[in-house]
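So that we are looking at the same thing, I have put the structure below in structure tokens.
The values are calculated or read from the model by the stated rules, or taken from the named source; none is laboratory data. Here the structure is a predicted model, which means the values were calculated and not measured. Counting neighbours? That spans all protein chains shown, and the Cβs are built from the backbone with ideal geometry, glycine included. Accessible surface areas use protein heavy atoms only, side chains included; no ligands, DNA or RNA. Shrake-Rupley method; radii C 1.70, N 1.55, O 1.52, S 1.80 Å.
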Amino acid sequence: MHAAHVAQKLEAERKMADVAVAAMNAKPDRVGVQRTGCSALMDLARGAAGAQAVVDGGGVAAVVAAMGL
């Protein structure tokens with residue numbers, strides 16, 4: 001993989017994590033939003049770069065908060 005492609009993939013994963021966390025934070029009382037957000041973050045976290053994007057984007061705290069529903 002070329003360095004430019006890797007950088008683009010990393011940036012895309014960061015944006016996806018940010019969007020999922022933002023949605024979860026915007027609708028903390030909506031179970032469907034929380035479930036979908038957790039699923040998206042889980043899918044992202046399957047790879048090392050995606051896992052770091054989830055952590056950096058506040059995904060861990062969002063998932064823990066969702067568990068309280």
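Is there any pair linking a residue in the range 14-30 that is farther than 17 Å from Ala51 by Cα to one that is open to solvent by 40 Å² or more (accessible area, probe 1.4 Å) and in a helix (DSSP H, G or I), with Cβ under 6 Å and at least six apart or on different chains, and which?
Cβ pairs passing all conditions: Ala23/Val33; Lys27/Val33.
May I ask you to list the residues in the range 21-69 that are within 10 Å of the chain's Cα centre (by Cα) and not hydrophobic (A, V, I, L, M, F, W, C)?
Once the filter is applied, which keeps residues that are within 10 Å of the chain's Cα centre (by Cα) and not hydrophobic (A, V, I, L, M, F, W, C), the range 21-69 yields Gly37, Ser39, Asp43, Gly50, Gln52, Asp56, Gly57, Gly58, Gly59.
Sticking with this one: Does the range 43-69 hold any residues that are open to solvent by less than 70 Å² (accessible area, probe 1.4 Å) and within 22 Å of Ala3 (Cα to Cα), and which are they?
Result: Leu44, Ala45, Gly47, Ala49, Gly50, Ala51, Ala53, Val54.
Still on this structure: Condition test on Ala45, is it among the aliphatic types (A, V, I, L, M), on the phi < 0 side of the Ramachandran plot and at pLDDT below 95? Walk me through how you get there before you give the answer.
Working: among the aliphatic types (A, V, I, L, M): yes; on the phi < 0 side of the Ramachandran plot: yes; at pLDDT below 95: no.
No, not satisfied.
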